[in-house]
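To start, the structure under review is shown below, and the notes come after it.
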Amino acid sequence: MITRFAPSPTGPLHLGHAYSAMLAHDMARDAGGTFLLRIEDIDQSRARPAWEVQITEDLTWLGLTWPTPVMRQSDRLAAYATALDTLWNRGLLYPCTCNRRDILAAASAPQEGAAMGPDGVIYPGTCRHNPRSGPRPSDRALRLDMKLALQTTVKSDSSADLVSTIGDVVLARRDMGTSYHLSVVIDDAAQHITDVVRGADLLEATPIHVLLQHLLGLPTPTYHHHRLIRDAAGKRLAKRDDARAIATYRAEGATPTDIRQMVGLPLASPG
Ligand code: GLU
Ligand code: ZN
């Protein structure tokens, strides 16, 4: 068994992240497997080395260990480009030049507004007829033609309504040359992750990841989606919520055992 924790270094590690990391860590440990850390820093406009340092320190303080060197997504752009080339050469991607406002205007039905998917408003397909021939454009966002993608893969039951519930997701952002969905799939495969442990907030993204695995000939790990840690008012903890940062609890004198208790994890570590 190989599990991972894959934080984006765009803010402090909060209680919800710590829960996710400890669950993934304990699952691997209990099975005699391996727990990996992966730094998801494709968004270079938001990622900060200082956050990575802080996250690493907090995880270590919590008692987690992992092999080094740690995979960093900003080092992996060539692997993402190769996967995009594969999909582009099969005609499954098209360049999109819409901005948020274009998408919202085109997607909004007069009465109901716009339908929402895991990445926000479901793309109305404005650019679907853009040319798909020639070299892959690297200065445009690239979207997956969901309908075509589903037609070329073995249809599983859950894929039936991905066109209406998810639509043509962005696989390469213009400024990044990749996207969360593409990178996470390529890297989970590259690291031979057998079990993905992550929050229920990513439940809706999982069918996208499974589809990409089918398209790229990659294995599908077992997905475990855990409950989200909420604050006393029942509000989901956001990464920018400094009050619930692990660093804050540490500064206030909390112990790793206190943190485990707060999120309802077993305290005793066997062995
Ligand atoms: N970097 C992602 C996050 O912080 C990881 C998501 C995942 O585990 O797939 O939300
Ligand atoms: Zn477009």
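Only the coordinates and a few stated rules stand behind these numbers; no lab work does. Because the structure is predicted, anything quoted here is derived from the model rather than measured. We place every Cβ from the backbone using ideal geometry, glycine too, and count neighbours over all the protein chains shown.
With only the Cα atoms considered, segment 24-64 has a convex hull volume of 66 Å³ per residue. Under a 5 Å amide H cut-off, with hydrogens placed 1.01 Å from N, residue 172 pairs with 142 among residues at least 5 apart or on other chains. Each principal axis of the Cα cloud of segment 72-198 was evaluated for its coordinate range; sorted largest first, these ranges are 46, 34, 27 Å.
Equivalent ellipsoid of the chain: semi-axes from √(5λ) of the C-alpha gyration tensor, largest first, are 35, 21, 18 Å. 3J(HN,Hα) couplings calculated from phi for segment 10-23 with the Karplus curve 6.51 cos²θ - 1.76 cosθ + 1.60 (θ = phi - 60°) are, in sequence order, 10, x, x, 6, 9, 4, x, 5, 4, 4, 4, 5, 5, 4 Hz; Gly and Pro show x. With a Förster radius of 25 Å applied to the C-beta separation of residue 81 and residue 45, the computed FRET efficiency comes to 0.80. Note on residue 216 and residue 105: the model spin-label points, each 7 Å out from Cα along the C-beta direction, lie 3.4 nm apart.
Among the trypsin sites (Lys or Arg not before Pro) in segment 21-126, those placed in a DSSP loop whose Cβ has at most 16 other Cβ atoms within 10 Å are 46, 90.
Residues whose amide H lies under 5 Å from that of residue 13, counting only those 5 or more places away or on a different chain, are 246, 247; hydrogens are built 1.01 Å from N in the peptide plane. Scanning residues 5 or more positions from residue 34 or on other chains, those with amide H under 5 Å from its amide H are 2, 3, with H placed 1.01 Å from N in the peptide plane. On full extension, the segment bounded by residue 248 and residue 164 gains 26.0 nm, given 0.36 nm per residue less the C-alpha separation. Between segment 114-191 and segment 1-51, what is the C-alpha centre distance in whole Å? What the calculation gives is 25 Å, centre to centre.
Were the residues from residue 27 through residue 257 laid out at 0.36 nm apart, the gain over their Cα-Cα distance would be 81.0 nm. Packing, taken as the mean count of other beta carbons within 10 Å per residue, orders the peptides 105-112, 161-168 from highest to lowest as 161-168, 105-112. Label-to-label distance for residue 224 and residue 89 is 3.8 nm, based on points extended 7 Å past Cα in the beta-carbon direction. Each Cα pair under 8 Å and six or more residues apart adds its sequence gap; the mean of these over the residue count of the chain is a relative contact order of 24 percent. Volume per residue for segment 56-98 equals 147 cubic angstrom (convex hull of Cα atoms).
A convex hull fitted to the Cα coordinates of segment 1-120 yields 177 cubic angstrom per residue.
Label separation (residue 174 vs residue 130): 0.8 nm, computed from points 7 Å beyond Cα along the C-beta direction. In this calculation the C-beta distance from residue 71 to residue 204 is compared with R0 = 25 Å, giving a FRET efficiency of 0.50.
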